[in-house]
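Working notes, structure below.
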Amino acid sequence: MSAVHPIQIRFERFDGRTGLAPAIPPTVIAPADKPAIIARIRKLLKERDAVLVAHYYVHPDIQDLAESTGGVVSDSLEMARFGHEHPGKTVVVAGVRFMGETAKILNPEKRVLMPELEAECSLDLATPIDEFSKFCDQHPDRVVVVYANTSAAVKARADWMVTSSIAEKIVAHLHAQGKKILFAPDKHLGDYIQRQTGADMLMWNASCVVHDEFKAQQLEEMKLSHPKAKVLVHPESPPSVIAMADFVGSTTGIIMAAERMKAPEYIVATDGGILHQMRKKLPGVNFIEAPTAGKGATCQSCAHCPWMAMNGLGNLLEVLERGHNEVRVDPEIGRKAKVCIERMLDFAKTNLPTFKGSGDA
Ligand code: SF4
C-alpha cells in the first residue's frame with residue numbers, strides 16, 4: 001500500500017462564502033494484494049458478527065464485497081433499515097458520516113462502525129446546527145423539512161426528514177394543509193420540489209459538490225452524439241440540467257427508471273459510482289456519466305464524490321481489525337432525530353405502500 005495526501009474540497013456555505021474541507025483518498029492497494037485483503041475482510045465480518053452496508057457511490061470493490069457477504073448496496077435510509085433488520089450485532093457503514101449517524105439513530109442498540117469517520121458531505125457541512133437553528137427560530141410559522149443529508153443535530157431540530165424520492169409527496173401533503181415550509185439544505189432539490197408542488201418554500205442555501213457540477217451545455221452536446229440515449233438526472237443537479245431529463249429521481253429511482261425505459265443507452269447525472277450497479281443489472285446497455293466539463297476543467301469531483309471515495313479496502317480492513325471508528329450519537333439528539341425520520345416512514349406506510357426509503361444522494 002502507498003500513502004496518499006489529503007485534497008481540499010471547496011463547497012458553498014449557507015452564507016454564500018466558500019468553505020474548504022479535506023478529503024483523504026484511501027491508500028492505494030496493488031491489484032496483487034487485493035484478494036488477500038478481501039479474504040481477510042470476509043473472515044472478519046463473520047468473526048465480528050458484522051454486516052457491511054455500502055452506498056451506491058462507493059468503490060465497486062466495496063459494493064461487490066457488501067453484496068457477496070450478505071450485506072446491501074443502497075441509499076442511506078435503506079442501508080440503515082437493512083442494518084436494523086439484519087441479525088448481526090455490528091453494522092459497518094461504507095458511506096459518509098450522516099449515513100453512519102442515520103444508521104446509529106435507527107439502530108441505537110447496535111455498534112455502528114465506519115471505515116472513515118471524517119467522510120463529509122457538502123450539504124451536511126453547509127448546515128451547521130447553530131446557524132440553522134437560528135434560521136428556524138426566525139421563521140416559527142414554517143414547518144421545518146430537512147433532507148437526509150444532514151447531521152443528527154439538524155434532524156433533531158426538524159419536523160420532517162425527507163429523502164429525494166418522497167420529498168415532493170410530503171411537501172405536497174403539507175402544502176395541501178396550507179402549511180408554509182422551511183426547506184434545507186439542498187437548494188436545487190428544494191427548487192425542483194417547489195416547481196413541482198407550488199408550495200410556499202423558504203430555502204436554506206447549500207449544494208452538493210458532485211451534482212452542482214453537471215453542465216447543461218455539455219450535456220446538450222453529449223445528447224447530439226448519443227441521439228438514442230435517455231437522460232437520467234438526480235434532483236440535486238442544477239435546474240438547467242434537470243430541464244433536459246427524461247427522468248428525474250433518487251438514486252434507486254434512477255436505477256429503476258433505466259430498467260423500465262429499456263433504452264440502448266443512458267446519460268446519468270449523479271455520482272458515477274451508481275453505474276456499477278446499473279451495468280450489473282443491465283448488461284449490454286451503455287451507461288455514460290453526464291458531463292462536468294471534463295477533468296482538466298473546473299470540476300472538483302468530476303462526478304465522483306471525494307468523501308465517498310475515502311472508503312477503501314485498506315481502512316475497511318483496519319476498522320474490522322481494530323474495532324475503532326465507532327459512530328456515536330448523543331442519545332437525546334438521536335431520540336429527537338428519530339422522531340422526524342419515523343414521521344416520514346409513517347407517512348410512507350400510509351401513502352406509498354411500495355416506498356422503500358430510497359432517495360438520498
Ligand atoms: S455526493 Fe454530494 S450529497 Fe452525496 S455525500 Fe457526496 S457531497 Fe454529499
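The values are calculated or read from the model by the stated rules, or taken from the named source; none is laboratory data. These figures come from a predicted structure and were not determined experimentally. In this analysis, Cβ positions are derived from the backbone assuming ideal geometry, glycine residues included, and neighbour counts consider all displayed protein chains.
Things to note:
- Sole exception among (1) away from the ligand (no atom under 15 Å from the Cβ); (2) buried (at least 16 other Cβ atoms within 10 Å of the Cβ); (3) of a type in the set (Asp, Glu) for ASP246, by number: (2)
- ALA257 of a type in the set (Gly, Ala, Ser) and either outside the structural domain of VAL231 (by TED's automatic domain parsing) or closer than 24 Å to ALA309 by Cα (or both): no
- When residues of region 97-142 are limited to those that are outside any helix (DSSP H, G or I) and among the β-branched types (Val, Ile, Thr), the one surrounded by the fewest Cβ atoms within 10 Å (Cβ to Cβ): VAL112
- Flag if GLU318 is assigned to a helix (DSSP H, G or I), among the acidic types (Asp, Glu) and assigned by TED's automatic domain parsing to the domain that holds ALA66: yes
- Region 90-109, subset at pLDDT 95 or above and over 17 Å from the mean Cα position of the chain (by Cα), residue farthest from the ligand (Cβ to nearest atom): THR90
- Criterion: under 23 Å from SER151 (Cα atoms), touching a strand residue (DSSP E or B) at 6+ places or on another chain (Cβ under 7 Å) and within 16 Å of the ligand (Cβ to nearest atom) - qualifying residue of HIS234, HIS304: HIS234
- Yes/no for ALA50 being within 15 Å of the ligand (Cβ to nearest atom) and buried (at least 18 other Cβ atoms within 10 Å of the Cβ): no
- Pairs with Cβ under 6 Å, 6+ apart, first in region 279-294 and closer than 26 Å to PRO238 by Cα, second small (Gly, Ala, Ser) and assigned to a loop (DSSP other than H, G, I, E, B): GLU289/GLY272; GLU289/ALA303; THR292/ALA303
- Selection within region 142-192 - within 16 Å of the ligand (Cβ to nearest atom) and among the aliphatic types (A, V, I, L, M): VAL146, ALA148, ALA152, VAL154, MET161, VAL162, ALA167, ALA184, LEU189
- Given (1) touching a strand residue (DSSP E or B) at 6+ places or on another chain (Cβ under 7 Å); (2) surrounded by 24 or more Cβ atoms within 10 Å (Cβ to Cβ); (3) of a type in the set (A, V, I, L, M); (4) not in a loop (DSSP other than H, G, I, E, B), index of the condition VAL58 fails: (4)
- Condition met for VAL241 (hydrophobic (A, V, I, L, M, F, W, C), outside the structural domain of ASP49 (by TED's automatic domain parsing) and either under 30 Å from LEU45 (Cβ atoms) or at pLDDT 95 or above (or both)): yes
- Residue within region 1-20 that is in a strand (DSSP E or B) and within 26 Å of ARG111 (Cβ to Cβ) present: no
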